[in-house]
Each structure stands twice: as C-alpha cells, then as structure tokens.
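The values are calculated or read from the model by the stated rules, or taken from the named source; none is laboratory data. Please read all numbers here as calculations on a predicted model, not as lab measurements. As a convention, Cβ positions derive from the backbone with ideal geometry for all residues, glycine included, and neighbour counts pool all protein chains shown.
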C-alpha cells in the first residue's frame, strides 16, 4: 500500500502494526464510520496484512485481538470487513476470532 494511503489509516487512530525486532511484520488498517447498516459506530477493516514469512505465527490473530480490545474500549458497535471469497486463510482467521463470515456480493458504480 502506498505510504499516503497507509498514513490515512494511521491518522484514523485505529490502525495497528505488529513488529518483530523493530521491523513491521503486519498491520490491520481500519477506520471508524459513524453509521452503517443500522449500527451507530463501527470500525471498517480495509486491510489485514502479514508478511508471508510471518504468517501462521499468530500475528494476524494478535492484530485482530488488539483491534477488538480497542473497539470495546471505544464503545464500537460492530467491526466489519470484506474478505475475498478465495482467501481461505483470511476467512479462517476471521472465523477463529468470532467474525460471522457471510457470502456477500459487492456492487460498485464507477462514476468517472
């Protein structure tokens, strides 16, 4: 992700990084949204990223646990995420942490 986009999420205050020996090995990039789908305060997960050589070592789990703790402390109603239906590892990670993963269809409209 370009640094300007990453900085956007960091500036939201709800993005967390995982480090090993001072090197970033993963991050969860989110933003708070004041109202969506009947909930007054949600966190939207845009990215959960773990460098390939650090996967399956609990990094993603730790990041999502940190995010959940942050959400509880901030009186967040829900955490939402979009997962590529072909990304089995991401689906398993979210399910392991209690996310309800549903088969969603995404509709978009290109304005330009």
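Details
- Test: residue in the range 11-32 that is surrounded by 19 or more Cβ atoms within 10 Å (Cβ to Cβ), at pLDDT below 90 and over 21 Å from residue 102 (Cβ atoms): yes
- Pairs where the first residue, in the range 72-85, is more than 17 Å from residue 97 (Cα to Cα) and the second is surrounded by fewer than 10 Cβ atoms within 10 Å (Cβ to Cβ) and at pLDDT below 85, C-beta under 8 Å, 6+ apart: 85/103
- Positions within the range 94-112 being farther than 20 Å from residue 15 by Cα and outside any loop (DSSP other than H, G, I, E, B), in sequence order: 95, 96
- Filter result for the condition that a residue is in contact with a helix residue (DSSP H, G or I) (Cβ under 7 Å, 6 or more places away or on another chain) and over 19 Å from residue 18 (Cα atoms), over 79, 91: 79
- Of all residues in the range 43-53, those satisfying the criterion of being more than 12 Å from the chain's Cα centre (by Cα) and within 23 Å of residue 7 (Cα to Cα) are 51, 52.
- Residues that are at pLDDT 85 or above and more than 17 Å from residue 43 (Cβ to Cβ) were ranked within the range 86-112; the one that is surrounded by the fewest Cβ atoms within 10 Å (Cβ to Cβ) is 86.
- Some residue of the range 36-49 being surrounded by fewer than 14 Cβ atoms within 10 Å (Cβ to Cβ) and touching a helix residue (DSSP H, G or I) at 6+ places or on another chain (Cβ under 8 Å): no
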